[in-house]
Amino acid sequence: MIMQFQQVPPALGNQYEDDPVLRSYLKRSIPSDVLREIEPTLVEMGELAGGELYQMQLADRLNEPKLTQWDAWGNRIDRIELTPLWRVAERIAAEHGVVATAYEQKHDRFSRVHQCALAYLFTPSTDIYSCPLAMTDGAARTLLGSGNSALIERALPHFTSRDPKEFWTSGQWMTELTGGSDVGASETIAKPDPDLTRNSELGTRNWLLYGRKWFTSAATSQIALTLARPEGNPDGGRGLALFYVEMRDEQGHLRNISIDRLKDKLGTRKVPTAELTLNGTPAQLVLGTTDGVRNITPLLNITRLWNGISAVSLMRRSIALALDYSHKRSAFGSLLSEKPLHMDTLAGLQAEMEAAFHFAFLVAELTGRAETGEIDEEQTLLLRLLTPLMKLTTARQVVAVVSEALEAFGGAGYVEDTGLPMLLRDAQVLPIWEGTTNVLALDALRALGPDDRAFKALKAEVDHCLASVHDQRLLEPARIVQSALAHAESWLAEAMKVGTPALEAGARRFSLTLGRLMELALLCRHTQCARDNESDTRATRAARRFAVSGIDLVAAADF
Ligand SMILES: Cc1cc2nc3c(=O)[nH]c(=O)nc-3n(C[C@H](O)[C@H](O)[C@H](O)COP(=O)(O)OP(=O)(O)OC[C@H]3O[C@@H](n4cnc5c(N)ncnc54)[C@H](O)[C@@H]3O)c2cc1C
């Protein structure tokens, strides 16, 4: 007789209802009347993410965006067709206000946390549709901050629309062949349009852009914010200006833009990332003819927040699937869920995820405060420092966590039609785009500024977190936080005396130490609160586990 053994695939339930970390966090951080109002939207998104969208994602696995450069009659058309999943994702994102929620401001500063919770649920089932949403959110924030009323009136209603027919997304074209990190080296030139009768729809003067953009994700967006150097401006970032581009005219034709090709990437395969040539593309200045790199910073802060939320959401997805599988797969006579070592391995991943979660959502909270003006000077410095720290720390965690989660499936984790390997390939982009680990570590040093006010703000936040911790089991994690902080501080003082090369060489270890100790402090605070108010002791395991998984990464100074 042939034995028929069939494996049961992992499954997902409602991704909000099944997530004790998200639910416990919201309970602590959002007033109960606000939570009551927003909860139905989260339940709905959780249902879609674990159900219909997840099934569509699996079915869409082999589809990829297609670029058609020529029509049958020899006309250059450069049309990109998205995959079915992305078309649905666009509609759902608009209808559920995955961008709009942050701007409708129904719940003041909590609106940003609400939006990030929606994004966290939505992202892992939509194959990085979070990319155009992040850039759209960033473009909305940048235009609002620019005070350019013509552009705000023109684009904001579209970026924040809940009507899919009205909804626009934005790209962000910075990276050129000369550099993505070193964006000041950009070669794209802007010339004032010599035809003064040819105003844009906005009634403002056109500039014409000439150059090549080397990485432009979501090239199907309606608009883009981009950098170009007005002719005659000096070299470097200061000589660049920030421009607004509407990619297509009323007939849907690209405005002097050719899509040279789509990138053949390791992951994010649904994201149409294009190389573009701008050959006299009409554009409008957003804010002055210089300081483009500084002026696009609000966009980067938002996309870095999204990067962190995406990192946490992919960790969460890989663990949810691995945990479900552990209740289905047997080895050596019992389920994996009954193997102490297997469950210990998953507990290590859960600890990383919970720590990263609280860090990403702290940055969401501070961003929400900044957007509603409820932030003081100290917290502004804190947000400036924590944004790069959070992005770089969580992006490293997600690659490690998802990689380990695939191993939890054994060989199945390496097999494409399980849908699992894609998680790892997609995760790998998170440390690269929106600033690599090293580039953000150097940015964190800049955020410290010439005085130590930002560092003091971070220390104050850590103290605030630990002040409430009194449970015996959390005392040792709290001590580890303080010890890592003291070590980081003494390293900084020593490195500053030695000079820039020493500071730069240690910046990554220093930044990761600050990132991880901040995570542990937040985890301790949350755990204590959950123990006190919900008699929930679940998070204690995560805090204790995370505390011994490498917090102090500042190597012995070797100056
Ligand atoms: C899938 C994907 C989509 C993307 N989409 C977009 C997009 O839509 N728009 C856009 O503008 N860009 C986009 N990018 C580009 C991305 O932002 C850049 O690739 C990234 O910023 C790095 O720039 P680079 O490729 O020029 O690498 P480089 O800057 O050449 O970096 C190479 C290495 O050098 C290191 N390094 C650089 N400077 C320093 C330093 N001073 N000290 C120490 N180490 C340093 C970096 O950390 C990195 O490890 C995308 C990239 C990918 C992979």
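Can you tell me the dipole magnitude for segment 208-332 around its Cα centre, using point charges on the Cβ only (Lys, Arg +1; Asp, Glu -1), in Debye to the nearest 20?
Values: 17 positive and 10 negative charges, 148 e Å.
Roughly 720 debye, rounded to the nearest 20.
Please check the chain for the longest run free of trypsin sites (Lys or Arg not before Pro) that are loop-located per DSSP (anything but H, G, I, E, B) and have at most 11 other Cβ atoms within 10 Å.
Working: sites that count: K165, R198.
The answer is 199-559.
Per DSSP H run of n ≥ 4, the term is -39500 (n - 2.57); total these for the chain, divide by its residue number, and report the mean residue ellipticity at 222 nm rounded to 500 deg cm²/dmol.
Values: 18 runs with 297 residues, N = 559.
Taken over the chain, the calculation gives -17500 deg cm²/dmol.
What is the gain in length, in nm to one decimal, between I77 and E250 on full extension, counting 0.36 nm per residue of separation less the C-alpha to C-alpha distance? Numbers along the way, then the final one.
On the way: separation 173, 0.36 × 173 = 62.28 nm, distance 1.47 nm.
Value of the extension gain: 60.8 nm.
For segment 46-162, what D do you get in µm² per second when you plug the Kirkwood radius from alpha-carbon pairs into Stokes-Einstein at 20 °C and 1.002 mPa s?
Working: Rh = 15.8 Å.
Diffusion coefficient, whole number: 135 µm²/s.
Please state the Cα pair-distance histogram of the chain with 20 angstrom bins from zero: what percent is in each bin?
21, 54, 23, 2, 0
Specify which residue in the list G292, L262, L341 is farthest towards the positive end of the charge dipole of segment 259-344, using unit charges on the beta carbon of Lys, Arg (+1) and Asp, Glu (-1), about the Cα centre.
The listed residue farthest towards the positive side: L341.
Which length gain, in nm to one decimal place, applies between A150 and Q6 when the Cα-Cα distance is subtracted from 0.36 nm times their residue separation? List each step's numbers first, then the result.
Values: separation 144, 0.36 × 144 = 51.84 nm, distance 6.14 nm.
Additional length available on full extension: 45.7 nm.
Please get the size of the charge dipole for the chain, origin at its Cα centre, with Cβ charges of +1 on Lys and Arg and -1 on Asp and Glu, quoted in debye to the nearest 20. Provide the component values of the computation, followed by the final result.
Working: 59 positive and 71 negative charges, 116 e Å.
Magnitude of the dipole: close to 560 debye.
In segment 1-109, which GluC sites (Glu not before Pro) are in a loop and have at most 15 other Cβ atoms within 10 Å, using DSSP for the loop call?
Numbers: sites: E17, E37, E44, E47, E52, E81, E90, E95, E104; in loops: E17.
Answer by residue number: E17.
Could I have the simple spin-label model distance between E534 and A412, label points 7 Å from Cα toward Cβ, reported in nm to one decimal?
Here the modelled spin labels are 2.9 nm apart.
Give me the distance in nm between label points sitting 7 Å out from Cα along the Cα-to-Cβ direction at L266 and V439, one decimal.
1.6
What GluC sites (Glu not before Pro) does segment 383-432 have in DSSP loop regions with at most 11 other beta carbons within 10 Å?
none
Positive end of the charge dipole of the chain (Lys, Arg +1 and Asp, Glu -1 on Cβ, about the Cα centre): tell me which of A93, Y16, I128 has its Cα farthest that way.
Ranked along the dipole, the leading option is I128.
Return the sequence-ordered ³J(HN,Hα) values of segment 164-181 in whole Hz as given by the Karplus equation 6.51 cos²θ - 1.76 cosθ + 1.60 applied to θ = phi - 60°, using x for Gly and Pro.
So the Karplus estimates, Gly and Pro as x, are x, 6, 9, 5, 10, 10, 10, x, 9, 9, 10, 5, 10, 4, 5, x, x, 6 Hz.
Mind checking segment 204-267 for GluC sites (Glu not before Pro) that DSSP puts in a loop (not H, G, I, E or B) and that have at most 14 other Cβ atoms within 10 Å? Before the final figure, lay out each step's value.
Values: sites: E231, E246, E250; in loops: E231, E250.
Hits after loop and neighbour filter: E231, E250.
Using the alpha-carbon atoms, what tilt in degrees (0 to 90, nearest 10) does helix 437-448 show relative to the longest principal axis of the chain?
Computed tilt is about 90 degrees.
From the phi angles alone, apply the Karplus equation (6.51, -1.76, 1.60; θ = phi - 60°) to segment 525-541 and give each ³J(HN,Hα) in whole Hz, x where the residue is Gly or Pro.
Once θ is set to phi - 60°, the couplings for segment 525-541 become 4, 5, 4, 4, 5, 5, 5, 5, 9, 10, 6, 9, 9, 4, 5, 4, 4 Hz.
Mind checking the alpha-carbon convex hull of segment 457-559 and giving the volume per residue in Å³? Each step should come with its number before you reach the end.
On the way: hull volume 8.4 nm³, N = 103.
Looking at segment 457-559, the number lands at 81 Å³ per residue.
Please name which of V43, T175, T226 has its Cα lying farthest along the dipole of the chain towards the positive end, using unit charges on Cβ (Lys, Arg +1; Asp, Glu -1) and the Cα centre as origin.
Of the candidates, T175 comes out farthest on the positive side.
By count of other Cβ within 10 Å, fewest leading, how are Y244, Y414, Y210 ordered?
Working: Y244 27, Y414 13, Y210 17.
If I rank by nearby Cβ atoms, fewest first, I get Y414, Y210, Y244.
Between T204 and K165, what's the calculated FRET efficiency when r is the beta-carbon distance and R0 is 25 Å? Round to 0.05. All intermediate terms of the calculation are to be shown ahead of the outcome.
Numbers: r = 26 Å, r/R0 = 1.05.
According to the calculation, E is roughly 0.45.
Please order I375, I551 by the number of other Cβ within 10 Å, starting at the fewest. Don't jump to the answer; show the numbers that get you there.
On the way: I375 17, I551 24.
Result, fewest neighbours first: I375, I551.
What is the order of D532, D137, fewest Cβ neighbours within 10 Å to most?
D532, D137
On a 0 to 90° scale, report how tilted helix 340-371 is relative to the longest principal axis of the chain, with both axes built from alpha carbons and the result rounded to the nearest 10.
Helix 340-371 and the main axis of the chain meet at about 50 degrees.
Which angle between 0 and 90 degrees, to the nearest 10, do you get for helix 297-326 versus the longest principal axis of the chain when only C-alpha atoms count?
Helix 297-326 sits at roughly 40 degrees to that axis.
Can you tell me the Rg and Dmax of segment 329-369, counting just the alpha carbons, in angstroms?
Here Rg and the maximum Cα pair distance are 16.5, 53 Å.
Obtain the nm distance between the two label points defined at D463 and S490 by a simple spin-label model: each point lies 7 Å from its Cα along the Cα-to-C-beta direction.
Distance between the two pseudo-spin positions: 2.0 nm.
Return the subset of K27/K456; K265/K459; K27/K391 for which the Cα-Cα distance in this structure is over 31 Å, preserving the input order.
Working: K27/K456 29 Å; K265/K459 40 Å; K27/K391 24 Å.
Violating the 31 Å limit, Cα to Cα: K265/K459.
Give, rounded to the nearest 20 debye, the magnitude of the charge dipole that segment 68-196 has about its Cα centre when Lys and Arg contribute +1 at Cβ and Asp and Glu contribute -1 at Cβ. Write down the numbers at each step before the final one.
Values: 12 positive and 17 negative charges, 85 e Å.
Roughly 400 debye, rounded to the nearest 20.
Check cross-link reach from K263 to the aspartates and glutamates: straight Cα distance under 15 Å, and skip same-chain residues fewer than eight apart.
Once the sequence-local aspartates and glutamates are set aside, what remains near K263 is E64, D78, E81, E176, E275, D426.
Work out how far the C-alpha atoms of segment 117-207 reach from end to end along every principal axis, then list the three figures in whole Å, largest first.
Sorted from largest, the Cα extents of segment 117-207 read 48, 35, 22 Å.
Under the definition of Cα pairs under 8 Å and six or more residues apart, what whole-number percent is the relative contact order of the chain?
Values: 974 pairs, mean separation 72.9, N = 559.
Value for the chain: 13 percent.
Which lysines have a Cα less than 27 Å from the Cα of K165, not counting those fewer than 8 places away in the same chain?
Here the lysines satisfying the reach criterion relative to K165 are K66, K106, K270.
Label segment 87-128 by shape, choosing from rounded, prolate and oblate, from the square roots a ≥ b ≥ c of the eigenvalues of the Cα gyration tensor; if a/c is under 1.5 it is rounded, and otherwise prolate applies when a/b is larger than b/c, oblate when it is not.
On the way: a/c = 3.80, a/b = 1.76, b/c = 2.16.
Oblate shape, in that a/c is at least 1.5 and b/c is the bigger or equal ratio.
Laboratory data are not the source of any read-out in this text; all were calculated from the coordinates shown. In this text the structure is predicted, and so the values were computed from the model without any measurement. All Cβ positions, even for glycine, are placed from backbone atoms using ideal geometry, and neighbour counts span all protein chains on display.
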